[in-house]
Amino acid sequence: MIKKVVIFMICSAISISAQSKVDVSKIYGKIQYVDAFADYKVEIVNASEDLRVQEVKAFADKAGKWQIVNAFPDYKIQKVKAFGDFKIRYVNVFPGVK
């Protein structure tokens, strides 16, 4: 009985961690940087990123293209040092999923 409970708990933990993975290919458009109440928390890195981000003035219509706005965003992003939902790296060309 105890073995079944332990196996169930392990499977549940694996299932929850798999469900919490963010589909970064859908993170584009109008982005607002915030300090609280963010849709996603991101870590800024120089390597091993999940998403390459290019900040653009217009036409933020593909994965990784972010138009920074102060109001009416598609997504609110909070920059954090650790334990973010995903990692980004700023680039000048070729934005998108790694």
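Worth a mention:
- P(r) tail fraction, segment 24-97 - alpha-carbon pairs more than 14 Å apart, %: 56
- For residue 79, the residues whose modelled amide H falls within less than 5 Å of its own, excluding neighbours fewer than 5 places apart on the same chain, are 34, 42.
Rule-based calculations on the coordinates, nothing more; no lab input. The shown structure was predicted, so the numbers you read here are calculated from the model rather than taken from an experiment.
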